[in-house]
Amino acid sequence: MRIAYLSYTYFADTDFSIINIMKKKSDLYYFIIVESNPNSLKTTAINIKKQHNVSGIFKTNIYPEIEKFSDIIDMEKTYIVNICSNEAMYKRLFIFMKLLFKLLRINIDILHTTMPYPKEMFPLFFLRKKTILTVHDPVPHSDVDASKEIIYRKKRFHLIRNFMILNKNQKNEFISMYKLKHKNIHVSRLGIYDYLHRYIETTSMDNSDKKYILFFGRITKYKGLDFLFPAMKLVNKTHNDIKLIVAGGYQSYYFDISEYENCSYIEIRHKFIPDDELAALIQNALFVVCPYIDATQSGVVMSSFAFNIPVLATNTGGLPDYVEHMKSGYIVEPKDINGLADGIKYLLDNKELLDKQKKYIEERYRIGDYSWNKITDDLLVFYKDIINSKRYMSDKINVKTKNIQYVNR
């Protein structure tokens, strides 16, 4: 089976793990879109210092920051789709027309992409019958204009038949919201972000130094920090030797943090956190806290589980599908400061439970039902169902301008 996987730099933490396994089970080509905005150049896994100043489709050698992952991705079958900020729309369309021709030459069976296509990517709708779209957020977060986002998606979703979402809890709502068919939805899940394992040996500390719990990731309103900070104030009354480290940037705080900026029990690292620093912070935390007021699934959870670190999370969205209460973490209700504080204190007072949870995470996510091996096996079955469906395009298409004959299998 020949697969093209088209994604963005900011999904690399997820993509690297699935690509690493999938390349061993199929004929896989990987296309990474690099845009000029800061969120594309500086991401969780890829930190590009300076964008290549020519738009087009290139080999990975234009970015050494990506080539360092040669142990994970096949550089011979990986390409950069480089989009500079000053390019006119017709030039962007031309780039994706070139990408379409490249996919036709490769003669792919499946095109798997991870974002609804913007206008310049419309040429790729030519392959819509063999396309599967991963929707990372089946239900828009509360910090975006939901009505605008839903309208944008509806315009594009009706051109694609096959979708993948990453938690089972939101499947019915997703289908209802966009009027989709159950048979065209593949419910998958995230596995651990095991690309972070390259930092294990060089960053670990002695367990006796663990005196903190950790919140990390983008600072956005739906993450619930305005509930976590006052909860830590309550925790400090009985556990004054424990502090909370908050590590992450993206935007300024959406609430007044002046009370907490210089207190002894909260350390704020408001900046972009590179992977080596992040890995050290996770490995040496007692546990990670996700006090989200809404959620889909969470890369924060999977980064934590990469080091077998339990997570305290809220009962919202897909989080309970990943953080199993009392097994791989602890679940509390969202927007409940007292409940959040009680949950933190409960885990702090039950070290044996934390140790059991670490063992459970390792067994379930490395070799069990939630491992990348199982995830990719299930995905390949869905690919085959798409290929074998009656609607799958089987015509021969002659693209005279490129002298391509495209035959679907």
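Computed over region 340-381, the alpha-carbon pair-distance distribution with 5 angstrom bins reads 6, 21, 16, 14, 13, 12, 9, 7, 2, each value a whole percent. Once the Kirkwood radius over Cα pairs is known for the chain, the Stokes-Einstein relation at 10 °C and 1.306 mPa s delivers a diffusion coefficient of 70 µm²/s. Per residue, the average separation of C-alpha pairs within less than 8 Å and at least 6 apart gives region 194-366 a relative contact order of 24 percent.
Remark: the HIS158-LYS327 segment gains 56.9 nm on full extension, using 0.36 nm per residue and subtracting the alpha carbon distance. Take the Cβ atoms of GLU261 and ASN47, set R0 to 35 Å, and the FRET efficiency comes out at 0.85.
THR316 sits among other residues whose Cβ lies under 10 Å from its own Cβ, and their net charge, with Lys and Arg +1 and Asp and Glu -1, is -1. For region 284-307, backbone nitrogen atoms closer than 20 Å to the point 7 Å from TYR254 Cα along Cα-to-C-beta are found at 289-301. Each of LEU127, ALA45, GLN170 was placed along the dipole of the chain (beta-carbon charges, centred on the mean Cα), and the one lying farthest toward the positive end is LEU127.
In the chain, the calculated helix contribution to ellipticity at 222 nm averages -10000 deg cm²/dmol per residue, counting -39,500 (n - 2.57) for every DSSP H run with n ≥ 4. The order of the peptides 253-264, 281-292, 87-98, 226-237 by mean Cβ neighbours within 10 Å, most packed first, is 281-292, 226-237, 87-98, 253-264. Helix 146-157 and the long axis of the chain differ in direction by around 30°, with both axes built from C-alpha atoms. Each residue, SER389 and ASN240, gets one label point 7 Å from its Cα in the Cβ direction; the gap between the two is 6.2 nm. Helix 12-22 and the longest principal axis of the Cα set of the chain meet at an angle near 60°. Taking amide H atoms as placed 1.01 Å from N in the peptide plane, the amide H of PHE31 lies under 5 Å from those of TYR5, LEU6, SER7, TYR79, each 5 or more residues away in sequence or on another chain. Taking the centroid of alpha carbons for each part, region 265-306 and region 49-71 are 27 Å apart. Quick one: length gained pulling ASN86 to HIS182 fully straight, 0.36 nm per residue minus the C-alpha distance? My answer for the length gained is 30.5 nm.
Could you give the Stokes-Einstein D for region 1-104 in µm² per second, using the C-alpha Kirkwood radius, 20 °C, 1.002 mPa s? Estimated via Stokes-Einstein, D reaches 153 µm²/s.
With the highest mean first, a sort of the peptides 310-321, 20-31, 356-367 on other beta-carbon atoms found within 10 angstrom per residue produces 310-321, 20-31, 356-367.
Relative to the longest principal axis of the Cα atoms of the chain, helix 372-388 runs at roughly 30 degrees. Between ASP378 and LEU354, the contour length at 0.36 nm per residue exceeds the Cα-Cα span by 5.6 nm.
Bear in mind these aren't lab numbers, they're just calculated from the coordinates by the rules spelled out. Owing to the predicted nature of the structure, the values given are computational and were not obtained by experimental measurement. Note that we place each Cβ from the backbone using ideal geometry, even for glycine, and neighbour counts take in every protein chain shown.
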